[in-house]
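Encoded as structure tokens, the structure appears first; notes follow it.
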Amino acid sequence: NGAGLYRSTRVSPDKPGDVARGLREVWASTWLWAAFEEREYYRIDHHTVGMAILIQQSIDDDIANGVAITANPFSQGNPGFFINSQLSGGSVTGAKGEEVPEQVLYYTYDTGRGFQRLSRSSRAKGGIIIEDAVVEELVAHLAKIHSAFTGDPFGASGRAVDVEFLIRSEAPKVIIVQARPYTVTWS
């Protein structure tokens, strides 16, 4: 785990001092209070923790960010992808207060596909964040990632992938930021 616990920063690669500052800032975030508390709660030995650095191109025309789970967390018998998105600067998880993300449940049945919007973003004033065509573009990426990571074409095993993404104003609209294994359990 650790999504949202550690700090991200922007640096100017042309300025060596700025790169060093960015590295120190990210490495130091290992000891942010929320990160410390999370490790403490799960009894993770703090002496075994190390910080990795992910360097990626900055996307300056993003209009939304999101997280998708490549399984339907609500029903094992209805395979699908669960997509949460929020306008840039907002919280996808609602961790910054009372924000509600746009939530889309995309069904991945072998006999057909379709989706429904479970909620609209509290920041979008009732509007849609991810247009239908962009949902389809995102799902094409999610299907490839899910298959590569899990080998489970329908997402009914509980093996899934947690995928972070950005939505840009220009094509290609969907940028995959990172992906990590995720396990879904149903009651």
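The base-10 log of I(q)/I(0) for the chain, evaluated at q = 0.08, 0.11, 0.12 Å⁻¹, reads -0.30, -0.56, -0.67 [Debye formula, identical scatterers on Cα atoms, solvent excluded].
Ranked highest first by the average count of other Cβ atoms within 10 Å around their residues, in what order do 80-91, 45-56 fall?
On the way: 80-91: 20.9, 45-56: 8.8.
Put in order of decreasing packing, that is 80-91, 45-56.
Per residue, the average separation of C-alpha pairs within less than 8 Å and at least 6 apart gives the chain a relative contact order of 18 percent.
Under 13 Å of direct C-alpha separation, and excluding same-chain neighbours fewer than eight residues apart, K173 reaches these aspartates and glutamates: D60, D61, D62, E131, D132, E136, E137. Placing +1 on the Cβ of every Lys and Arg and -1 on the Cβ of every Asp and Glu, with nothing else charged, gives segment 88-158 a dipole about its Cα centre of roughly 200 debye. For segment 104-187, chymotrypsin sites (Phe, Trp or Tyr not before Pro) are listed when DSSP marks them as loop and at most 11 other Cβ atoms sit within 10 Å of their Cβ; the list is Y109. Helix 132-150 axis versus longest C-alpha principal axis of the chain: approximately 70°, rounded to the nearest ten. If the segment from D14 to I59 were pulled out straight at 0.36 nm per residue, it would be longer than the present Cα-Cα gap by 14.5 nm. Here is the list for segment 110-187: trypsin sites (Lys or Arg not before Pro) lying in DSSP coil, each with at most 12 other C-beta atoms within 10 angstrom of its C-beta, are K125. Using 10 Å bins from zero, what percent of all Cα-Cα pairs in segment 27-135 falls into each bin? Percent of Cα pairs in each bin: 12, 30, 31, 23, 4, 0.
Report the GluC sites (Glu not before Pro) located in segment 105-158 that are in a DSSP loop and have at most 15 other Cβ atoms inside 10 Å of their Cβ, or state none. Please report the intermediate quantities before stating the final value.
On the way: sites: E131, E136, E137; in loops: E131.
Passing sites in segment 105-158 are E131.
Computed over protein heavy atoms with a 1.4 Å probe, the accessible surface of the chain works out to 60 Å² per residue. One decimal place: the segment S119-L5 gains 38.5 nm when fully extended, by the rule 0.36 nm per residue minus the C-alpha distance.
The values are calculated or read from the model by the stated rules, or taken from the named source; none is laboratory data. All figures in this text were calculated on a predicted structure; none of them were measured in a lab. Don't worry about glycine lacking a Cβ; one is built from the backbone with ideal geometry, like all the others, and counts go over all protein chains shown. Each accessible area value is taken on the protein alone, full model and side chains, heavy atoms only, with ligands, DNA and RNA left out. Shrake-Rupley method; radii C 1.70, N 1.55, O 1.52, S 1.80 Å.
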